[in-house]
Amino acid sequence: MKLTVISPIITERSMALVKQNKFSFRVAKDADKETIRKAIKAQFNVDPIAIETVVQKGKSQRVGVRRTEKRKEAYKKAVVTLKSGQKIDIFDLGV
């Protein structure tokens, strides 16, 4: 079985979205919304009502002594909206 939900995205912006009952995840590039919905429901035992997906463009950064340019890989992000009253515990960081 292929891994659909790779990891949660914990940033200032994603934590602000938690207050609106929206949770951000890094997902497989070939995953569609229905596959993501089933994976979130099975993994966290919650009911997603909406899913928004976006492919984040890979950024370039300079690394090393010679400041050579390295490219970060592009990835797909899913923002999952849950029913009111439900939450995902890994996002509960004292907010």
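The values are calculated or read from the model by the stated rules, or taken from the named source; none is laboratory data. Since the structure is predicted, the reported quantities are computational estimates derived from the model, not experimental observations. Methodologically, a virtual Cβ is constructed for each residue, glycine included, from the backbone with ideal geometry; neighbour enumeration extends over all protein chains shown. Areas reflect the complete protein model, heavy atoms only, side chains present, ligands, DNA and RNA absent. Shrake-Rupley method; radii C 1.70, N 1.55, O 1.52, S 1.80 Å.
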Pair list, Cβ under 6 Å, 6 or more apart: segment 9-35 residue within 17 Å of T53 (Cβ to Cβ), other residue assigned to a loop (DSSP other than H, G, I, E, B) and not polar (S, T, N, Q): F23/I88; S24/I9; R26/I9
Selection from segment 7-24 of residues that are over 14 Å from K87 (Cβ atoms) and open to solvent by less than 90 Å² (accessible area, probe 1.4 Å): S7, I9, I10, T11, A16
A39 vs. criteria open to solvent by less than 60 Å² (accessible area, probe 1.4 Å), among the small types (G, A, S) and part of a strand (DSSP E or B): no
Candidate set from segment 56-70 (those that are part of a strand (DSSP E or B), open to solvent by less than 100 Å² (accessible area, probe 1.4 Å) and not hydroxyl-bearing (S, T, Y)); member that is farthest from S14 (Cα to Cα): V63
